[in-house]
Amino acid sequence: MPALIVVLLAVLVLWSVTGVRVVQQYERGVVFRLGRVRGRVREPGLTLLVPVVDRMRKVNVQVVTMPVPAQEGITKDNVTVRVDAVLYFRVVEPILATVDVQNYQFAMLQVAQTSLRSVIGKSELDDLLSGREQLHRGLELMLESPATGWGVHIDRVEIKDVALPDSMKRSMARQAEADRERRARIITADGEYQAATKLAEAAALMDGTPAAMQLRLLQTVVEVAAEKNSTLVLPFPVELLRFFEAQAKQVTGAAVPAARTAEEARTADEARAVREPAVPDLD
């Protein structure tokens, strides 16, 4: 009888050591009985196994963050670039991830590298730099097909960095500088156009109201005098210059005909004296 009790105690100890397992909250247990998978996945908590007959393999169902090494390729517009990415995925079917693939993480890494190379060859440089959202969706679709067969769900794929050659960086810098210069010139020209338009409208308004011109002149003098300068700049009206010019032309035009008339009269007297010699006085 004592021997039976000892045997039972040994069986209980063996059962507790080899037949009792604890599955963590972030894990799922896949049980193999004599080499065949049991259909039910063990949930988190305490689970019992048949000693010697059952073996359990734990599968982590947390989100895995996997960096994809930089891949070098040639874009659609013949630019050599190096692109690296990051992949986020998790196991949703522990049995498939355990049975159908030997190492699902290594398999996902290889598929991500080949898919990234394929995306580089199908994309242009502008898409890699600015249109990454569409590339992310394309990468996710390319990875989703093999991942589904391995019991893996792709959460997201993102391109981290795009390394460009130094010559391409210099070319892009020159392009950006030229574009900014173009926009600066356009803005300056537009400002000059608007200023000229407003000045033309102001001139037309002042032309119809001479008093406005005088008020503007006085305001300009006040603004100059407010700076406490020793020199006072007084604008001279252009209309006054035009008046003086017109008067000068009139005076010059009147003097020229008078001089021309006196000269013609003197010339006529000289000619008459030559034709008619003087008669001597006989008395």
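Taking only the stretch 161-190 into account, find how many residues are under 22 Å from the mean Cα position of the chain (by Cα) and among the hydroxyl-bearing types (Ser, Thr, Tyr). Result for the stretch 161-190: 2.
One residue stands out among those in the stretch 122-144 that are small (Gly, Ala, Ser) and open to solvent by less than 40 Å² (accessible area, probe 1.4 Å): the one that is nearest to Asn78 (Cα to Cα), which is Ser123.
Of all residues in the stretch 59-91, those being open to solvent by 20 Å² or more (accessible area, probe 1.4 Å), touching a Pro at 6+ places or on another chain (Cβ under 9 Å) and farther than 23 Å from Pro146 by Cβ number 1.
Considering each residue of the stretch 13-25 in turn, none proves to be within 30 Å of Asp161 (Cβ to Cβ), of a type outside the set (A, V, I, L, M, F, W, C) and not in a strand (DSSP E or B). Could you say whether any residue in the stretch 90-109 is without any contact (Cβ under 8 Å) to a residue 40 or more places away in the chain and not aromatic (Phe, Trp, Tyr)? There is at least one residue in the stretch 90-109 that is without any contact (Cβ under 8 Å) to a residue 40 or more places away in the chain and not aromatic (Phe, Trp, Tyr).
Condition test on Ala97, is it buried (at least 17 other Cβ atoms within 10 Å of the Cβ) and more than 31 Å from the chain's Cα centre (by Cα)? When the stated conditions are applied, Ala97 passes them.
Using the structure shown, decide if Ser118 is surrounded by fewer than 18 Cβ atoms within 10 Å (Cβ to Cβ) and more than 30 Å from Phe32 (Cβ to Cβ). When the stated conditions are applied, Ser118 passes them.
The single residue among Val86, Val81, Val52 that is in a loop (DSSP other than H, G, I, E, B) and either under 28 Å from Ser167 (Cβ atoms) or in contact (Cβ under 8 Å) with a residue 12 or more places away in the chain (or both) turns out to be Val52. When Glu158 is tested against (1) assigned to a helix (DSSP H, G or I); (2) under 24 Å from Thr75 (Cα atoms); (3) over 17 Å from the mean Cα position of the chain (by Cα), just one condition goes unmet, and that condition is (1). Within the stretch 161-175, the residues that satisfy the criterion of being part of a strand (DSSP E or B) and either over 30 Å from Val61 (Cα atoms) or touching a helix residue (DSSP H, G or I) at 6+ places or on another chain (Cβ under 9 Å) (or both) are Val162, Ala163. The sole residue among Ala163, Ala147 that is touching a Lys or Arg at 6+ places or on another chain (Cβ under 7 Å), surrounded by 10 or more Cβ atoms within 10 Å (Cβ to Cβ) and in contact (Cβ under 8 Å) with a residue 40 or more places away in the chain is Ala163. Restricted to the stretch 39-61, and to residues there that are aliphatic (A, V, I, L, M) and under 56 Å from the mean Cα position of the chain (by Cα), the residue that is farthest from Gln25 (Cα to Cα) is Met56.
The values are calculated or read from the model by the stated rules, or taken from the named source; none is laboratory data. This is a predicted model, so every value here is computed, not measured. All Cβ positions, glycine included, derive from the backbone under ideal geometry; neighbour counts span all protein chains shown. The area values use the complete protein model at the heavy-atom level, side chains included, leaving out ligands, DNA and RNA. Shrake-Rupley method; radii C 1.70, N 1.55, O 1.52, S 1.80 Å.
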